[in-house]
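Structure, as C-alpha cells:
Just so it is clear, none of the values below were taken in a lab; they were calculated from the coordinates. Note that the structure is predicted; figures quoted are calculated from it, not measured. Neighbour counts are summed over all protein chains in view; Cβ atoms, including those assigned to glycine, are modelled from backbone coordinates with ideal geometry.
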Amino acid sequence: MKRRNFIKTSSLASAGTISMPYILPSGLINMTTTAPMSEYVVFVLFAGGVRQQEAVLQRYLAEGQNENVEGNIMYNMLTGAPPDDKIAYGLDDTANNIIGGIPIDPILQTPLDQIGTLFPEVRFSKGGAGHFTGLSTGVSGNYSTTQGLKSRPSAPTIFEYLRRHAGFKATDCWFVGVGITGSRPLLNFSANEDYGRRYGGNFIAPTTTFGSPGMQHFMNFKNYHPDTEWTKILEMRDFLNQNFRNEGLEISHLYNDVEEEDSIKEFVKATFEKVNSGSLTLPPVNDNGDLKTIGYAVELLNWFKPKLTVVDMSNIDVCHGNYTAYLKNLHRGDHGIGFLWREIQRIPEMAGKTTLIVMPEHGRDLEPNPIMDDNDWFAYDHSGGNENTRRIFSLMAGPGIQAGLRVGGVNNPIGDASDIVPTIADLFGVKDTVINKGLLDPTARSLFDRI
Amino acid sequence: MNMQTSGRTAIKLLGLIGIMLFVSCEKEYYVYGINDVEITPVNSFKDKPKTHSQYISILYANMFQKAIGPNQMLQALKAIESIGDKQVAYDILVSKYMNDPDVKLPSNESMRSDPEEFVRDTYKRFLVRQPTEAELQWMINYIESRPSLTTELVYFSFATSNEHAHY
C-alpha cells in the first residue's frame, strides 16, 4: 500500500513537472529539466569491495568461514540484530585481551534502510570487479570496460553533467577521495571531448592534503592581503598568461572563479588549524583512513555546502589478506555512514534537504583465497569472472524517498551499478537531458524508475 | 702566304670577340622575393606542460637555489596530486615556500634601483628567456608605478604563471 502511494505521488509529481519547465540556477530554461527533488546529494562509494554475505545478507561468519554465527554488523545502515558470538569486528577489549571484542555503539536510532529505500540485490553487471572500474562506473554511469587504468573515464562524470546542464559551480561538485592511489585524482572529470575539465568537479584527498605531504608542503602557507597583495599578483599573472591563454595552454585548473579559489584556500588553511588544534569533526571512532576521510568530508560539507559530494572509502579491501580486519573495517564503514548522516542533519542548510546514496563499487568472491588470519579465518579477493563480485546493494535516504521500502531481493535483482548517475541527475531535475546524451551504459536507469 | 694566314686568324678573332660581346651584352633579369615566415610569440615553442615533478623541481630550484631532495619531492608531489585544481595547488605550494626563511629573493631595493635588470633576470630565471620590449616596458612601468610592490609578489606571479608550467 505504501509503495502504491509512493508511485502515485511520484507519478503526479512527474506529470506536474513535464509541463513546468524549471529555471536553472544559470538562468537558462531547459525544457527537459524538471524541478529538483533534492537540494543536496552525498554519494558514498562504499568501501573497497563488499561481500553481500557479510553486508545485506547479514551472515557474518556463517557463509564466509563456515561457522554458525550470523548477524548484522552494519546496524546504522541495515535493520537486524548483531551477532551474539565470536565478536571480532569492534574495538579491542584490552581488559580481556579480545581483539575487536567490543562492538561500536550505533550512531543512528533508526537504521538508514528504515529512513530510506534499500535495493538489496543490485548488479555490477559488466567488466571485471576492479576498484577503478567500480569507482569510474559509479561516477560516470558507464562501465567503460575497454578503458585502462591511469586514464580518465571515457564517459562524462556526473560532475560534468551537472556543471554543464544544471548550471552548477565548480565548488558545488566535489570528489573526496580516500587517497591519491588507484587513479582516484582522475575521477573528477572525463576525457570526453564535449565535457572534460571545463565542467570538472573539484577533487581533494584530505588524508594526503592534511597528512604528512600537506603538512610539509602546504601547511602554514602565506595569506596574501586580497587588496594590497593578491590583486597585484593577479594583475601580473594575467599579463604573463596572455599568450598562453590565447593558445589554450593553461595550468590544469577547474574553472573555479576567483572567489571559489579563495574559498578553497581558506578551507585548507582553516582545516589545518583544526588538525593542529585537534578540533576536527571526526566520527567517535576514527582509527582508519576511511573514517578520517568521512570526518574531512563533513568539514568540507560544512564549509562549501556542495550540491554534490562523492566520497569513496577503501579500507574494506584489506580482505585480500585479513578477514578479521575486513569485518572491523566493514563495521567502521557503517559507523562512518551513520556519522555522516547525523552530521548532515546538523548542517542547517543541508538538514532535511540532502539525499544520501550508498553503494559498494563492487562485491567480492564467493570462495576464499588460501590466506588465513589470526582467527584462522580465510581472506577473500575480488576476481574477474566471479559472479559474487557482481552482487552489490544501493541504499538511498532523503527528502521524498520512501521510508522502509525494499526493492528487489535475492531472487529478484533490481538495479545496476550504473544507475547512480541517472538517479542523481533525476534528483537534480536533469535526468532526461543526461540520458538523451546517450553516453550512459544502456542498462543505466534512475533508481526512481526502477521502483 | 703569311699575310693570308694572319688575315684569316684576325677574322676568326674578330668573330669570336663579336660573339663574346653579343653574349655578354644579353640582359639578365633577377627576381627578388621573400620567403614566408610564420610570426609567433617568443614563448611559442613551449607547448608541452611540465609534469608535476618537473614543475616542483624547477620551482624549488628557482626559489631556494638548490635541488629538492628525493623525499621532499615525493611528498610535494603527493600534496599536489591531492588537490584537483592545480592552479590552487600551485598557489598554495608557492605561498608555502614564500613563508620559508630559506627562500632566496632579491631585495626590494635592488628591484627599485634597476628595474630593467630585475625584470630581465626574473624572466630568465622563471621563463628561461628574455622579455620582449613590450613585456619589459609593461613590467618596468608596473614596478615603478606601484611603490608597495615587492619582489616576492613578482616572483609569485611568475612562479604560478602558465608559461612557467610549460616547456
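Counting only DSSP beta bridges with both residues in the protein assembly as shown, what percent are antiparallel, rounded to the nearest 5?
On the way: 16 of 38 bridges.
So the antiparallel bridges in the protein assembly as shown amount to around 40 percent.
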Exercise for review: For the stretch A:280-326, just the Cα set please: Rg and Dmax, both in angstrom.
Suggested key: 12.9, 38
Check your understanding: Given H placed 1.01 Å from N in the peptide plane, which residues other than close sequence neighbours of A:Phe175 have an amide H under 5 Å from its amide H?
Key -> A:Asn202, A:Phe203, A:Ile204, A:Val310
Exercise for review: Per residue of A:221-231, count partner chain C-beta atoms within 10 Å of its C-beta, then hand back the mean as an integer.
Suggested key: 4
Exercise for review: Excluding residues on the same chain fewer than 8 positions from A:Lys307, give the lysines whose Cα lies under 17 Å from its Cα.
Suggested key: A:Lys169, A:Lys353, A:Lys431
Review point. Among all the lysines, which ones have a C-alpha under 20 Å from A:Lys86's C-alpha, if same-chain residues fewer than 8 places away are not counted?
Key: A:Lys328
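Kindly rank A:419-427, A:182-190 from highest to lowest mean number of other beta carbons found within 10 Å of each residue.
Descending mean neighbour count gives A:419-427, A:182-190.
Could you give the C-alpha radius of gyration of the stretch A:202-352 expressed as a fraction of 2.2 N^0.38 Å, taking N as the number of residues it contains?
The reported ratio for this selection is 1.28.
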Check your understanding: Using a simple spin-label model with points 7 Å from Cα along the Cα→Cβ vector, what separation in nm is obtained for B:Leu13 and A:Val258?
Key -> 9.2
Exercise for review: Starting at the first residue of the stretch A:248-255, write each ³J(HN,Hα) from the Karplus equation 6.51 cos²θ - 1.76 cosθ + 1.60 with θ = phi - 60°, in whole Hz, x for Gly and Pro.
Suggested key: x, 9, 10, 5, 6, 8, 10, 6
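Charges only on Cβ, +1 for Lys and Arg, -1 for Asp and Glu: so what's the dipole of the stretch A:281-395 about the Cα centre, in debye to the nearest 20?
Working: 11 positive and 16 negative charges, 150 e Å.
For the stretch A:281-395, the charge dipole is close to 720 debye.
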Study note, to complete from the structure: With +1 at each Lys and Arg Cβ and -1 at each Asp and Glu Cβ, the charge dipole magnitude of the protein assembly as shown around its Cα centre, to the nearest 20 debye, comes out at 1260
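From the Cα trace of the protein assembly as shown, what convex hull volume per residue do you get, rounded to a whole Å³?
Roughly 287 Å³ of hull volume per residue.
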Point to revise | Average Cα contact separation per residue, chain A, under 8 Å, 6 or more apart, as relative contact order % | key: 29
Revision key, fill the gap. The answer for A:Val41, listing residues at least 5 apart or on another chain whose modeled amide H is closer than 5 Å to its amide H, is A:Leu308, A:Thr309, A:Thr355
Revision key, fill the gap. Which of B:Asn35, B:Asn141, B:Asn108 fluctuates most in a GNM of chain B (C-alpha springs under 10 Å)? That residue is B:Asn35
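Over all directions, the average projected area of the alpha-carbon convex hull for the stretch A:136-184 comes to how many nm²? Spell out each step's value before the answer.
On the way: hull surface 14.9 nm².
So the Cα hull casts an average projection of 3.7 nm².
Output the Kirkwood hydrodynamic radius of the stretch A:215-284, Cα pairs only, in Å rounded to one decimal. All intermediate terms of the calculation are to be shown ahead of the outcome.
On the way: mean 1/r = 0.0684 Å⁻¹.
About 14.6 Å, per the Kirkwood formula over Cα pairs.
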Check your understanding: For A:Ser154 and B:Val42, what is the calculated FRET efficiency with R₀ set at 35 Å and r taken between the beta-carbons, to the nearest 0.05?
Key -> 0.40
Review point. What FRET efficiency comes out for the pair B:Glu144/A:Lys269, r = Cβ-Cβ distance, R0 = 30 Å, nearest 0.05?
Key: 0.35
**Study point:** Residue mean of other protein chain beta carbons inside 10 Å, A:374-381
**Key:** 0
Practice item. Show the residues, 5+ positions off or on another chain, whose built amide H is closer than 5 Å to the amide H of A:Asn142. Key: A:Asp441
Check your understanding: Of the cross-linked pairs B:Lys66/B:Lys124; A:Lys269/B:Lys86; A:Lys292/B:Lys78; A:Lys222/A:Lys274; A:Lys232/B:Lys78; A:Lys269/A:Lys305, which ones have a Cα-Cα span greater than 20 Å in the structure shown?
Key -> A:Lys232/B:Lys78
Point to revise | Peptide B:155-164 - average C-beta neighbours from other chains (10 Å radius) | key: 6
Check your understanding: Of A:Ile104, A:Pro442, B:Asn35, whose Cα points farthest to the positive end of the dipole of the protein assembly as shown (charges on the beta-carbon: +1 Lys, Arg; -1 Asp, Glu; origin at the Cα centre)?
Key -> B:Asn35
**Study point:** Ordering of A:134-145, A:271-282, A:210-221 by packing [mean C-beta count within 10 Å, highest first]
**Key:** A:134-145, A:210-221, A:271-282
Review point. At q = 0.13 Å⁻¹, what base-10 log of I(q)/I(0) does the Debye formula yield for the stretch A:392-451 when every alpha carbon is treated as an equal point scatterer in vacuo?
Key: -0.34
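Rounded to the nearest 20 debye, what is the charge dipole size of the stretch A:224-337 about its Cα centre when +1 sits on each Lys and Arg Cβ and -1 on each Asp and Glu Cβ?
Details: 11 positive and 19 negative charges, 101 e Å.
So the magnitude is around 480 debye.
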Review point. Out of every Cα pair in the stretch A:86-170, what percent are spaced more than 18 Å from each other?
Key: 68
